[in-house]
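Everything on this sheet refers to the single structure shown next.
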């Protein structure tokens with residue numbers, strides 16, 4: 001009676017996933033192992049070229065060319081040493097789909113459905129693609145979401161080599177974490193300002209505010225020519241800003257905001273009225289000296 005009850009429960013838990021002895025395991029098959037009531041011992045595994053899978057209790061033993069029932073009986077025997085009355089269901093997934101979590105610098109982070117054995121690129125594409133701030137050299141994979149079984153992948157090397165075999169394949173419940181570039185929390189202001197240097201960016205600030213944080217423009221500062229260098233991921237952009245025109249119009253709302261890691265270069269005017277007066281004084285002094293020499297020799 002007890003045996004009948006166990007068989008009934010096994011069939012009830014298996015549903016359409018229950019396979020007969022006719023299902024023979026082959027290299028490349030995706031095997032789904034369900035241990036009823038023990039999700040930590042369940043999962044999907046791809047049979048590798050050596051005919052083994054990464055299931056903990058099988059220790060890389062050959063399972064290719066045996067039936068699903070044989071593998072199920074073997075696992076029941078092995079699991080009995082660890083849990084009471086294990087109910088094990090083994091099946092071959094015909095159209096394997098797995099759930100992968102993609103987090104970090106992607107457009108739509110969260111869980112995505114991909115084919116079993118999909119690459120990082122496929123999972124990231126399902127998550128909306130990389131953001132500009134994504135660091136291709138630092139992509140982490142956590143096997144089945146476990147931080148104790150994680151490693152880092154350099155996708156930039158793959159983009160250079162183009163070797164698809166170098167990309168690790170993803171498994172069910174894996175987690176992909178796309179890290180961001182290490183960016184400075186400072187903005188550097190140099191050139192014609194009173195106190196050039198690097199300044200912490202604690203909140204949103206515009207170019208005008210950053211210049212005055214650096215002590216304000218010097219006497220010869222040309223605010224119509226302020227160069228801003230911004231690092232956006234892998235590229236650096238440069239632009240010349242006419243801050244003086246915005247100040248003259250009183251249009252402070254249009255003042256560009258600075259970002260982390262920006263560099264502001266405030267140019268100096270090569271000519272101003274003080275310089276003109278200095279030149280005129282020196283010229284006048286030169287003329288007076290010449291006239292004095294002429295008077296002496298006459």
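The values are calculated or read from the model by the stated rules, or taken from the named source; none is laboratory data. Everything numeric in this text was worked out from a predicted model, so none of it was measured. Cβ coordinates were reconstructed from backbone atoms using ideal geometry, including for glycine residues, and neighbour counts include every protein chain displayed.
If you take the residues in region 179-190 that are farther than 18 Å from residue 155 by Cβ and part of a loop (DSSP other than H, G, I, E, B), which one is modelled with the highest pLDDT?
Filtering region 179-190 for residues farther than 18 Å from residue 155 by Cβ gives 183-190.
After this cut, where a residue has to be part of a loop (DSSP other than H, G, I, E, B) as well, the list is 183-185.
Details: 183: 60, 184: 60, 185: 74.
Filtering first and then ranking leaves 185.
Have a look at 176, 193, 153 and point out the one that is surrounded by 18 or more Cβ atoms within 10 Å (Cβ to Cβ), under 24 Å from residue 132 (Cβ atoms) and modelled with pLDDT of 90 or more.
On the way: 193 fails: under 24 Å from residue 132 (Cβ atoms); 153 fails: modelled with pLDDT of 90 or more.
After ruling out the rest, the residue left standing is 176.
Take region 56-73 and flag every residue that is assigned to a helix (DSSP H, G or I) and over 15 Å from residue 26 (Cα atoms). Outline the logic, then answer.
As a first pass, look at region 56-73 and keep what is assigned to a helix (DSSP H, G or I): 56-58, 68-73.
56, 57, 58, 72, 73, listed by residue number.
Out of 262, 272, which single residue is surrounded by 12 or more Cβ atoms within 10 Å (Cβ to Cβ) and modelled with pLDDT under 65?
Values: 262 fails: modelled with pLDDT under 65.
Going through 262, 272 in turn, just one is surrounded by 12 or more Cβ atoms within 10 Å (Cβ to Cβ) and modelled with pLDDT under 65: 272.
Kindly establish whether residue 171 is at positive phi and modelled with pLDDT of 80 or more.
On the way: at positive phi: no; modelled with pLDDT of 80 or more: yes.
Against the criterion (at positive phi and modelled with pLDDT of 80 or more), residue 171 does not qualify.
Can you tell me which residues in region 56-70 are without any contact (Cβ under 8 Å) to a residue 40 or more places away in the chain and crowded, with 19+ Cβ neighbours inside 10 Å?
63
All but one of (1) closer than 30 Å to residue 41 by Cβ; (2) in a helix (DSSP H, G or I) hold for residue 170; which doesn't?
(2)
Check region 129-143 and report whether any residue there is surrounded by fewer than 16 Cβ atoms within 10 Å (Cβ to Cβ), modelled with pLDDT under 85 and part of a helix (DSSP H, G or I).
no
Scan region 114-121 and give yes if some residue there is crowded, with 18+ Cβ neighbours inside 10 Å and in contact (Cβ under 8 Å) with a residue 60 or more places away in the chain, otherwise no.
yes
Which of the residues spanning region 27-51 are more than 17 Å from residue 173 (Cα to Cα) and touching a residue at least 60 places away in the same chain (Cβ under 8 Å)?
The one that is more than 17 Å from residue 173 (Cα to Cα) and touching a residue at least 60 places away in the same chain (Cβ under 8 Å): 29.
Conditions first: (1) closer than 12 Å to residue 170 by Cα; (2) out of contact with any helix residue (DSSP H, G or I) (no Cβ under 9 Å at 6 or more places or on another chain); (3) not in a loop (DSSP other than H, G, I, E, B). Residue 76 passes all but one, so which condition is the exception?
The one condition residue 76 does not meet is (1).
Which of the numbered conditions does residue 103 fail, given that it passes all the others? Conditions: (1) modelled with pLDDT of 80 or more; (2) assigned to a loop (DSSP other than H, G, I, E, B).
Exception for residue 103: condition (2).
Assess whether residue 205 counts as being modelled with pLDDT of 90 or more and either under 30 Å from residue 124 (Cβ atoms) or surrounded by 15 or more Cβ atoms within 10 Å (Cβ to Cβ) (or both).
In short, no.
Could you say whether any residue in region 235-250 is over 30 Å from residue 117 (Cβ atoms), in contact (Cβ under 8 Å) with a residue 60 or more places away in the chain and not assigned by TED's automatic domain parsing to the domain that holds residue 135? Please lay out each step first, then the result.
Taking region 235-250 as the starting set, the residues that turn out to be over 30 Å from residue 117 (Cβ atoms) are 235-250.
From what's left, in contact (Cβ under 8 Å) with a residue 60 or more places away in the chain: none.
No, region 235-250 contains no residue that is over 30 Å from residue 117 (Cβ atoms), in contact (Cβ under 8 Å) with a residue 60 or more places away in the chain and not assigned by TED's automatic domain parsing to the domain that holds residue 135.
Within region 79-90, identify whether any single residue is crowded, with 18+ Cβ neighbours inside 10 Å, over 33 Å from the mean Cα position of the chain (by Cα), touching a residue at least 60 places away in the same chain (Cβ under 8 Å) and assigned to a loop (DSSP other than H, G, I, E, B), and answer yes or no. If you could, list the steps in order and put the result at the bottom.
We begin by selecting, within region 79-90, every residue crowded, with 18+ Cβ neighbours inside 10 Å; these are 79, 86-90.
Still in the list and also over 33 Å from the mean Cα position of the chain (by Cα): 79, 86-90.
This time we only want the ones that are touching a residue at least 60 places away in the same chain (Cβ under 8 Å), so: 87, 89-90.
Filter once more, keeping what is assigned to a loop (DSSP other than H, G, I, E, B): 87.
Yes, because at least one residue in region 79-90 is crowded, with 18+ Cβ neighbours inside 10 Å, over 33 Å from the mean Cα position of the chain (by Cα), touching a residue at least 60 places away in the same chain (Cβ under 8 Å) and assigned to a loop (DSSP other than H, G, I, E, B).
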